[in-house]
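Undergrad: Supplied in C-alpha cells, the structure appears directly below.
The values are calculated or read from the model by the stated rules, or taken from the named source; none is laboratory data. This one's a predicted model, so the numbers in the text were calculated from it and none came from an experiment. Cβ coordinates were reconstructed from backbone atoms using ideal geometry, including for glycine residues, and neighbour counts include every protein chain displayed.
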Amino acid sequence: MKKIAIIGGGSWGTALAIVLTRARVPHRVALWVRGVDVCESLRSRRVNEVYLPGFELPGEVGVSSDLGEVLREADIVLGVLPSAHARATYTRMLPYLKPRMVFVSATKGLEHATHARMTDVIAQVVGPKFPPRAAALSGPSFAREVARGDPTAVVIASADGELAASVQEEFSGPTFRLYTNDDVTGVELGGAVKNVIAIAAGVCVGLGFGSNTIAALITRGLAEMTRLATALGGRRETLAGLAGMGDLVLTCTGALSRNRTVGVELGKGRRLAEIIGSMRMVAEGVGTTAVTVELARKTGVEMPISEQMHAVLDQGRAPRDAIRELMERRLKHE
C-alpha cells in the first residue's frame, strides 16, 4: 500500500486528502499543514475551519506540521502550495526526499522571480540531490465540489507516460477521474494563465456586463492562453482540453473562483490591497498576471486581455477604462 504525502493544508490540499481516501486503490494519506491553528482544527475536530469548513477529514488521514513525519516512507509527494512559497517549501523538504518518490504538483501558478513552472521549480530544487520524477495535476476542480463528491475530471501530465499512468491509477475514484497527458508545459501554463483571464471575467461582472461580454472574454482569453503556451512549447490541443478551456470556463463563470472574485470586487471599485487583505486564501492570478505579460513580451505573443489586467492590478488603471481599451483596439480578422 503506497503512502501519499500531501504538502499544503489549504482548501485544495484538504479536498485532495478527502477525495484520495475514496480512490479505487487503497493507500495511506498524510497531510502537512503549516499553520498551527489549522493543524489543531484538523487534528481535534477533523475539519479545516479556516479553508474548507463543513467537510470532515476522514479519520485515516494523518495530519502534522512536521515535514519529516509526513514525508517519512512516502511514495508520492503531492505539492499543493501557493506558487510564491513553493521553492522555499521544497527546499525545506530536501533532507527527507528519496529518489524513489514521485512528485505531483497541484499548484496553478508561475514563480514570480524566475517565471518557472512548478515542475521546473521541483527539478531545480531536487535535481542537485537526484533527478526527480514529476507530474502536474490540473483541470477544472473547485475544492468544495471535489470534497463534496461532485463528479470531477482533471489531467495528470508528465513526460514519463508510465509515471502519469501510475498516478492516474492511484488517484482515480468514483467521483474523481484523471486523464493522462504528456504536454506538461501546456497543462501547467493553462492552469496558471486561466487565472488571469478569470480576473478579467470578474471585472466584467463587477462592472455589470452580461453574458455576451463573458462569452467573448472566455473565447478571446483562450486564444491568448493558446498563443503563449504554443510559443513556449505546449500543444494547441492541450489548451482545448480540461487543463485549458475546461478550467478557464470554470474559473470565469463559477462563483467559487477566488480570481473571479478579485475581479468582481475590482469592477465594483474596491482597491486591490483591500480585496487581498480580506481574503484568507491566495488568488494566484494576481501574481501570475505580471509574469504572464513578461513571458508574452519575451516571446513576442500578443495578449491584450492580460496586458489590460496587468495595467489594472499593477498600474492603477480603472477597470472600465481597461475594458474600453480592449473594445477600441484595431479591428482585425479572427
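Undergrad: Could you list, in sequence order, the residues of segment 278-295 that are within 14 Å of L228 (Cα to Cα) and either acidic (D, E) or over 20 Å from the mean Cα position of the chain (by Cα) (or both)?
TA: If the condition is that a residue be within 14 Å of L228 (Cα to Cα) and either acidic (D, E) or over 20 Å from the mean Cα position of the chain (by Cα) (or both), then E294 is the only one that fits.
Undergrad: Among the residues of segment 170-211, how many are polar (S, T, N, Q) and part of a loop (DSSP other than H, G, I, E, B)? So that I can check it myself, show each step before the final result.
TA: Within segment 170-211, the subset polar (S, T, N, Q) is 172, 175, 180-181, 185, 195, 211.
So of that shortlist, the ones also part of a loop (DSSP other than H, G, I, E, B) come out as 172, 175.
Count: 2.
Undergrad: Now for a different question. Which of the residues belonging to segment 101-123 are in contact (Cβ under 8 Å) with a residue 24 or more places away in the chain and more than 14 Å from the chain's Cα centre (by Cα)?
TA: Let us first name the residues in segment 101-123 that are in contact (Cβ under 8 Å) with a residue 24 or more places away in the chain, namely 101-112, 115, 117-119, 121-122.
Passing the criteria: M101, V102, F103, H112, H115, V121, I122.
Undergrad: Cβ-Cβ below 9 Å, separation at least six or inter-chain, first residue in segment 69-88 and in contact (Cβ under 8 Å) with a residue 40 or more places away in the chain, second of a type in the set (F, W, Y) and assigned to a strand (DSSP E or B): which pairs?
TA: Note: pairs meeting the criteria are V70/W32; L71/W32; I76/F103; V77/F103; L78/F103; G79/F103.
Conditions tested, residue by residue: (1) over 15 Å from R235 (Cβ atoms); (2) under 15 Å from the mean Cα position of the chain (by Cα); (3) at pLDDT 95 or above.
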{"site": "F130", "(1), (2), (3)": "yes, no, yes"}
{"site": "P140", "(1), (2), (3)": "yes, yes, yes"}
{"site": "A143", "(1), (2), (3)": "yes, yes, yes"}
{"site": "E188", "(1), (2), (3)": "no, yes, yes"}
{"site": "I197", "(1), (2), (3)": "yes, yes, yes"}
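Undergrad: So, one more: Look at L331 and say whether it is of a type outside the set (D, E, K, R) and loosely packed, with under 14 Cβ neighbours inside 10 Å. Before the answer, list the steps.
TA: Values: of a type outside the set (D, E, K, R): yes; loosely packed, with under 14 Cβ neighbours inside 10 Å: yes.
Criteria met by L331.
Undergrad: Another question, then. Restricting attention to segment 306-324, which residues are assigned to a helix (DSSP H, G or I) and either in contact with a Phe, Trp or Tyr (Cβ under 9 Å, 6 or more places away or on another chain) or closer than 14 Å to G269 by Cβ (or both)? Lay out the reasoning, then the answer.
TA: Within segment 306-324, the subset assigned to a helix (DSSP H, G or I) is 306-315, 319-324.
Once the filter is applied, which keeps residues that are assigned to a helix (DSSP H, G or I) and either in contact with a Phe, Trp or Tyr (Cβ under 9 Å, 6 or more places away or on another chain) or closer than 14 Å to G269 by Cβ (or both), segment 306-324 yields V312, P319, R320, D321, A322, I323.
Undergrad: Sticking with this one: Considering only residues that are surrounded by fewer than 19 Cβ atoms within 10 Å (Cβ to Cβ) and either of a type in the set (S, T, Y) or touching a helix residue (DSSP H, G or I) at 6+ places or on another chain (Cβ under 6 Å) (or both), which ones fall in segment 107-128?
TA: H112, T114, H115 - these are the residues of segment 107-128 that are surrounded by fewer than 19 Cβ atoms within 10 Å (Cβ to Cβ) and either of a type in the set (S, T, Y) or touching a helix residue (DSSP H, G or I) at 6+ places or on another chain (Cβ under 6 Å) (or both).
Undergrad: Which numbered condition in (1) touching an Asp or Glu at 6+ places or on another chain (Cβ under 8 Å); (2) over 27 Å from A283 (Cβ atoms); (3) among the aliphatic types (A, V, I, L, M) is the only one that V47 fails?
TA: With respect to (1) touching an Asp or Glu at 6+ places or on another chain (Cβ under 8 Å); (2) over 27 Å from A283 (Cβ atoms); (3) among the aliphatic types (A, V, I, L, M), V47 is out only on (2).
Undergrad: Run down G234, G269 and say which single residue is surrounded by fewer than 20 Cβ atoms within 10 Å (Cβ to Cβ), over 17 Å from the mean Cα position of the chain (by Cα) and farther than 23 Å from P151 by Cα.
TA: Values: G234 fails: surrounded by fewer than 20 Cβ atoms within 10 Å (Cβ to Cβ).
The match here is G269.
Undergrad: Further question: Tell me which residues, restricted to segment 132-187, are among the charged types (D, E, K, R), touching a Phe, Trp or Tyr at 6+ places or on another chain (Cβ under 8 Å) and surrounded by 19 or more Cβ atoms within 10 Å (Cβ to Cβ).
TA: The initial filter retains those residues of segment 132-187 that are among the charged types (D, E, K, R), namely 133, 144-145, 148, 150, 160, 162, 169-170, 177, 182-183.
Remaining after also requiring touching a Phe, Trp or Tyr at 6+ places or on another chain (Cβ under 8 Å): 133, 144, 148.
The one that is among the charged types (D, E, K, R), touching a Phe, Trp or Tyr at 6+ places or on another chain (Cβ under 8 Å) and surrounded by 19 or more Cβ atoms within 10 Å (Cβ to Cβ): R133.
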